[in-house]
Amino acid sequence: MRRREFVLSGLLASASGSAYCWPSLFSSEETADVVIVGAGGAGLSAALRASELIKGKIVVLEKSKHVGGSTLISGGYLGVVDPVRQLPYGIHDSEEQHFQDISSNADNTGDLELIHHLVSKSKEMLEWLEKAGMRFRPELIEIYGSHFPRCHVPEEPNGYGYISTLVNRSVQNNVELRTGSPVVSLDSDKSGAVVGLTYLKDGKLQKINANKGVILASGGFGANPAMVEKFDPRLAG
């Protein structure tokens, strides 16, 4: 049994056991251009960027009642090689050094291509955030593992500035943010390509077809104690 069918059968069984309640679980079908799962820093960034690149319907689905994810409670520090801010303080940093810091922090087991992409695009990402309205303090700090003062400190505490900036700009660009909307399945065509998804809203199944794709930004497994312990037994409990 496919996952969607399993979830659907479970919902039907939990309704009341009567055929009378069956139709009330469903709502109408809709179509969007891009659908994003998760309204944390990654999902909101994807939504805003998508709204800048295409003229169409962008929908973000978040299972929680509020947006922000782990970004909202993060330290908020953003590590970027930035000569404009670093050189006035006598900090001579480089992308090569940043690359080595990230790689060594991962015990040299990380994907070198992805690390290089992250480092080489970080300045562009910083400028994009600031253009969207994100504000940082003029000073830079060094955090554990960075070896250089390259971490930009938001004016607002923790990750609040990122989330408020991304939400405000996304809403201005007509992105639809839907909280309390957990996704229960990805829908694919006969070739296996993902063409939409099904989610729950107010106890009813909703279906969205995605013309240009589905982006998964639903986070890691930090809130899953069993999985955390599986990958690193030292963190059990």
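No value in this document is a laboratory result; all are computed from the given coordinates. Everything numeric here is computed off the predicted structure, so don't read it as measured data. Positions of Cβ are generated from backbone atoms using ideal geometry, with glycine treated the same way; all protein chains shown enter the neighbour counts.
A compact table of results
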{"quantity": "Semi-axis lengths, Å, the chain, gyration tensor of Cα atoms, sqrt of 5 times eigenvalues", "calculated": "39, 21, 16"}
{"quantity": "Per-peptide average of other Cβ atoms within 10 Å, ordering 38-44, 74-80, 100-106 highest first", "calculated": "38-44, 74-80, 100-106"}
{"quantity": "Taking only Cα atoms of the range 113-188, radius of gyration then Dmax in Å", "calculated": "16.3, 48"}
{"quantity": "Förster-model FRET efficiency, 30 Å R0, VAL84 and ASN224, C-beta, rounded to 0.05", "calculated": "0.15"}
{"quantity": "Ordering of 89-96, 135-142 by burial proxy (mean other Cβ atoms within 10 Å per residue, highest first)", "calculated": "135-142, 89-96"}
{"quantity": "Computed FRET value (nearest 0.05) for SER28 with GLN172, which takes r as the C-beta separation and R₀ as 30 Å", "calculated": "0.65"}
{"quantity": "Rg(Cα)/(2.2 N^0.38 Å) for the range 77-157, N = residue count", "calculated": "1.08"}
{"quantity": "Whether the range 118-237 is rounded, prolate or oblate, judged on the alpha carbon gyration tensor where a/c under 1.5 counts as rounded", "calculated": "oblate"}
{"quantity": "FRET efficiency estimate (nearest 0.05) - Cβ-Cβ, ASN108 to ASP232, R0 25 angstrom", "calculated": "0.90"}
{"quantity": "Within the chain, helix-based [θ] at 222 nm, where runs of 4 or more DSSP H residues each add -39,500 (n - 2.57), nearest 500", "calculated": "-10500 deg cm²/dmol"}
{"quantity": "Set of aspartates and glutamates near LYS55 by C-alpha distance (under 19 Å), chain-local residues within fewer than 8 positions excluded", "calculated": "GLU30, ASP33, GLU176"}
{"quantity": "Contact order normalised by residue count of the chain, Cα under 8 Å, 6+ apart, percent", "calculated": "30"}
{"quantity": "Contour excess over end-to-end distance, with Cα ends at ASN158 and SER70 and 0.36 nm allotted per residue", "calculated": "30.6 nm"}
{"quantity": "In sequence order, calculated HN-Hα J values of the range 197-204 (Karplus, 6.51, -1.76, 1.60; Hz; x Gly/Pro)", "calculated": "7, 10, 9, 9, 9, 6, x, 10"}
{"quantity": "Alpha-carbon centroids, the range 35-103 and the range 164-236: separation in whole Å", "calculated": "18"}
